[in-house]
Amino acid sequence: MMIVSVLGTMIYVFFLKAFSESVTPVTRLRNSAGLHKVMANITADYNRYPKWRSGTVYTYSAFAATYVIPTNFNGYYYRLTTGGTSSAPGSEPAWPLSSGATVNDNGIIWTWGGRLRTIKPLTTLQGQIGAEDSVQTTNDYGKNPDGTYTKYTVVKNRFIQFNASGNEIADATALNILKVTLQNETGETMTSLFFSD
């Protein structure tokens, strides 16, 4: 009877630990996926209308439209309708200003997409992400399809520069490199740099 009770206690302790910790990897994976989704939402919001780049491969997809704005913003955006490699530096196309008009960019066809009222400045993006050391529980970047929100902490959300040695230095004057570091509830962090001309 004593041997059975000792064995029963050992089995109970072993399986209790196995069952209680079996959910840990799933929780970590869920938190990691949530953090990646938040950063992807921030990146997608910032890159919604990237500037046209020379010598860049633009691939057409019927399922995911590609848009650009001219390097010298003219108030309009353009949709890719035929893919290829954009023109060489200094050969940016003359962007059309009327509805339905197209332009040939070294074989790529861009179609006038419409008026774009504003371009999101990095200072606006910084404000929408949240203040440093703040815990975001209802930020739109963390909104899930079911109406819940992914909780994250904003570790860094500041403008930086790199000195001649390649070291990072804080710089609140240039406002052209925004460093964002986010952290989830399990302590995993993710960092991205957002650039502006």
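Could you tell me whether segment 2-14 includes any residue that is open to solvent by less than 50 Å² (accessible area, probe 1.4 Å), modelled with pLDDT of 80 or more and out of contact with any strand residue (DSSP E or B) (no Cβ under 6 Å at 6 or more places or on another chain)? Taking every residue of segment 2-14 in turn, none turns out to be open to solvent by less than 50 Å² (accessible area, probe 1.4 Å), modelled with pLDDT of 80 or more and out of contact with any strand residue (DSSP E or B) (no Cβ under 6 Å at 6 or more places or on another chain). Answer with yes or no whether T81 is surrounded by 12 or more Cβ atoms within 10 Å (Cβ to Cβ) and out of contact with any Lys or Arg (no Cβ under 6 Å at 6 or more places or on another chain). Taking the combined requirement at face value, the residue satisfies it. One residue stands out among those in segment 28-69 that are of a type in the set (A, V, I, L, M, F, W, C) and in contact with a strand residue (DSSP E or B) (Cβ under 6 Å, 6 or more places away or on another chain): the one that is farthest from T124 (Cα to Cα), which is V57. For segment 44-66, taking the residues that are hydroxyl-bearing (S, T, Y) and outside any loop (DSSP other than H, G, I, E, B), the one that is most open to solvent (accessible area, probe 1.4 Å) is identified as Y46. For segment 116-135, the set of residues classified as touching a residue at least 60 places away in the same chain (Cβ under 8 Å) and under 23 Å from K179 (Cβ atoms) consists of I119, K120, P121, L122, L125, Q128, I129, listed by residue number. With D105, D133 as the choices, which residue is farther than 30 Å from Y152 by Cα and either surrounded by fewer than 14 Cβ atoms within 10 Å (Cβ to Cβ) or at pLDDT 90 or above (or both)? Unique residue meeting the criteria: D105. Scanning segment 67-78 for residues that are of a type outside the set (A, V, I, L, M), open to solvent by less than 50 Å² (accessible area, probe 1.4 Å), assigned to a strand (DSSP E or B) and in contact with a Lys or Arg (Cβ under 7 Å, 6 or more places away or on another chain) yields one hit, Y76. Residues in segment 84-102 that are part of a loop (DSSP other than H, G, I, E, B) and exposed (fewer than 15 other Cβ atoms within 10 Å of the Cβ): A88, P89, G90, S91, A94, L97, S98, S99, G100, A101.
Scanning segment 45-82 for residues that are modelled with pLDDT under 90 and more than 18 Å from R115 (Cα to Cα) yields a total of 4. Of the residues making up segment 171-197, those that are at pLDDT 85 or above, farther than 24 Å from I69 by Cα and surrounded by 10 or more Cβ atoms within 10 Å (Cβ to Cβ) are V180, T181, L182, Q183, N184, E185, T186, E188, T189, M190, T191.
The values are calculated or read from the model by the stated rules, or taken from the named source; none is laboratory data. Predicted model only: the values in this text are computed from it and were never measured. Cβ sites come from the backbone with ideal geometry, for glycine too, and all protein chains shown count toward neighbours. These accessible areas exclude ligands, DNA and RNA; they are computed on the full protein's heavy atoms, side chains included. Shrake-Rupley method; radii C 1.70, N 1.55, O 1.52, S 1.80 Å.
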